[in-house]
Amino acid sequence: AGIGPNSDVSRRDDLDKFIREVAPTVRLMRELLRRTGLTVAMLSNTNALHLEYIRGRWSMFQEVRHVFASNEIRARKPEAAAYQHVLRALGVPAERAVFVDDLIENVRGARAVGMQAVHGPNPAAVRAGLGALGLCSPDPA
């Protein structure tokens, strides 16, 4: 779910709700980061005020070294420039990168630049998609 100036997520209650909703997927990404040693990065459509609020309340921001916010990179998902910025910054070719998002249009945007992508509207779908790519167990056990 994106947070940005055009989003309906604009108040603190909405931001807190957003954090709670994505928490299970964040835990899965945290697990992937710890177990595999893969580079995990975050790309978020947001603005400076929302980013400051979320950074103070979401521990994942401290654990992930590479956080790309649309207001800072001047490009938003699903624009090709957003994905290309991340790939350049990480020094990763598109075909070696996996993008996960709950919005299908963002998944399509990542695929359009050559990335592998997982549509993850919920943690089970994320786990299944990453499992199909051999990146984690498809079952939480």
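Taken together, the values in this text are just the output of simple stated rules run on the coordinates, not laboratory data. Remember, it's a predicted structure, so these values are computed and weren't measured experimentally. No Cβ is skipped: glycine too gets one built from the backbone with ideal geometry, and neighbour counts run over all protein chains shown.
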### Query
Using alpha-carbon positions, what is the distance between the centroids of segment 26-56 and segment 11-25, in Å?
13 Å
#### Entry: Leading residue at positive end of dipole, the chain (Cβ point charges), from LEU15, GLY37, SER70
GLY37
### Query
Which ³J(HN,Hα) values in Hz, rounded to whole numbers, follow from the phi angles of segment 102-114 under the Karplus curve 6.51 cos²θ - 1.76 cosθ + 1.60, where θ = phi - 60° and Gly and Pro get x?
7, 9, 4, 5, 6, 4, 4, x, 5, 5, 5, 9, x
### Summary
Computed for the chain: size of charge dipole around the Cα centre, +1 on C-beta of each Lys and Arg, -1 on C-beta of each Asp and Glu, debye to nearest 20, value 300 debye
### Task
Using only alpha carbon pairs under 8 Å that are at least six residues apart, calculate the relative contact order of the chain and give it in whole percent.
18 percent
### Query
Which of the following values of percent of Cα pairs over 20 Å apart was calculated from the structure shown: [x] 45; [y] 51; [z] 56?
[x]
### Query
Along the charge dipole of the chain, Cβ charges K/R +1 and D/E -1, which of GLY131, HIS119, HIS50 sits furthest on the positive end?
GLY131
### Message
Could you compute the net charge surrounding GLN62? Neighbours are other residues with a C-beta less than 15 Å from the C-beta of GLN62; K and R count +1, D and E count -1.
### Response
+4
### Query
If amide H atoms are built 1.01 Å from N in the plane of the peptide, which residues on other chains or at least 5 residues away come under 5 Å of the amide H of PHE99?
GLN116, ALA117, VAL118
## Note on the structure
Any residue on another chain or 5+ positions along whose placed amide H is under 5 Å from the amide H of MET42 is listed here as HIS66, VAL67, PHE68
